1. Could you give P(r) for the stretch 212-256, binned at 5 Å from zero, as whole percent values over all Cα-Cα pairs?
2. Label the stretch 116-173 by shape, choosing from rounded, prolate and oblate, from the square roots a ≥ b ≥ c of the eigenvalues of the Cα gyration tensor; if a/c is under 1.5 it is rounded, and otherwise prolate applies when a/b is larger than b/c, oblate when it is not.
3. Any chance you could list P(r) for the stretch 114-273, counting all Cα-Cα pairs in 10 angstrom bins from zero, rounded to whole %?
4. Please report the antiparallel percentage of DSSP beta bridges with both residues in the chain, rounded to the nearest 5.
5. How much accessible area per residue does the stretch 1-118 have, counting only protein heavy atoms and a probe of 1.4 Å, in square angstrom?
6. Over the stretch 184-268, give the accessible area per residue in Å² for a 1.4 Å probe, as an integer.
7. Measure of size requested: the Rg and Dmax of the chain, with Cα atoms as the atom set and Å as the unit; please supply both.
8. For the stretch 229-271, which trypsin sites (Lys or Arg not before Pro) pass both filters: DSSP loop (anything but H, G, I, E, B) and at most 15 other C-beta atoms within 10 Å?
Amino acid sequence: MTSREATPRRYLMCRPTYFTVEYQINPWMHPTVPTDNARAVAQWTNLRDAYLALGHTVEEIEPIPGLPDMVFAANGATVIDGISYGAQFRYPQRAAEAPAYAARLAELGFETSAAKWINEGEGDFLLTDRYLLAGTGFRTEYAAHAEAQEIFGRPVISLQLIDPRFYHLDTAVAVLGDTIAFLPEAFSPGSVRVLRRLFPDAIEANLADAEWLGLNAVSDGKHVVLPAQATGLAEQVRARGFEPVPVDVSEFLKAGGGPKCCTLELREAGKSA
Ligand code: ARG
């Protein structure tokens with residue numbers, strides 16, 4: 001079995017002070033189903049503490065009233081090589097999050113680059129050791145993929161999402177060290193072939209785990225922080241030498257989010273492959 005090595009990461013997170021579900025922009029969100037804010041804060045705190053316990057650094061951004069989805073920091077930008085490529089949200093309900101994240105990232109010392117095209121940050125851009133995987137179909141526009149390739153100088157692989165439940169790339173792909181886990185059913189046939197060609201050793205997840213947003217996972221190269229109910233995926237990653245770290249994110253599932261959505265990785269210049 002491959003032995004996996006963790007590298008320390010730096011993340012940006014947003015406390016869910018104003019988290020609730022009050023509009024519907026994905027099939028998971030039902031404004032009539034109540035959320036429990038105290039529970040959301042407890043689950044978020046537990047996730048942050050899990051990162052700290054693994055030796056990672058967690059920066060925070062001040063939550064803003066009236067932006068209930070701001071807890072999903074992954075959507076705020078894409079940060080690689082010290083450059084922050086800003087988000088531009090698909091729906092007006094989240095639009096004001098983009099400048100807030102850009103301002104915080106500038107304050108943290110990142111060079112910020114504003115987006116011309118609609119893109120929802122790391123929700124649809126996932127960095128692997130060789131490529132920048134990019135999703136389109138529901139949120140991020142295809143033109144943003146080309147924009148990201150120019151900004152980062154990394155080969156962008158465009159992937160077509162086809163199932164509205166898996167509306168962001170990070171609900172259908174998890175980056176795990178030098179490989180990935182993904183849900184074939186979430187992609188167009190051509191995109192599935194691309195993923196199998198680029199990652200012949202990829203873990204193919206099952207629908208039951210993906211429906212718990214199991215693929216919305218965060219890995220440091222060794223640990224895989226994932227929703228507790230995705231037990232099949234936890235076993236699959238364990239069999240490949242990773243250590244699953246299950247967390248309870250039941251409140252965030254009501255908004256269509258999991259651990260990865262709550263986490264924006266901050267990659268400094270010269271620090272990633
Ligand atoms: N309610 C949010 C939305 O629909 C959830 C975002 C989840 N974030 C993610 N990176 N998948 O925009």
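The values are calculated or read from the model by the stated rules, or taken from the named source; none is laboratory data. On a predicted model such as this, the values are computed, not experimentally measured, just so you know. Cβ placement follows ideal geometry from the backbone for every residue including glycine, while neighbour counts extend to all protein chains displayed. Ligands, DNA and RNA are excluded from the accessible area calculation, which covers all protein heavy atoms including side chains. Shrake-Rupley method; radii C 1.70, N 1.55, O 1.52, S 1.80 Å.
1. P(r) for the stretch 212-256, in whole percents per bin: 6, 25, 35, 21, 9, 4, 1.
2. Judged from the Cα gyration tensor, the stretch 116-173 comes out oblate (a/c at least 1.5, b/c at or above a/b).
3. Going out from 0 Å in 10 Å bins, the stretch 114-273 shows 11, 43, 37, 8, 0 percent.
4. Numbers: 17 of 36 bridges.
Roughly 45 percent of the beta bridges in the chain run antiparallel, per DSSP.
5. 47 Å²
6. Computed with neighbouring chains in place, this is 35 Å² per residue.
7. Over the chain's Cα set, Rg and Dmax evaluate to 16.7, 48 Å.
8. Working: sites: 238, 240, 254, 260, 267, 271; in loops: 240, 254, 260, 267, 271.
Of the trypsin sites (Lys or Arg not before Pro), the ones in loops of the stretch 229-271 whose Cβ has at most 15 other Cβ atoms within 10 Å are 271.
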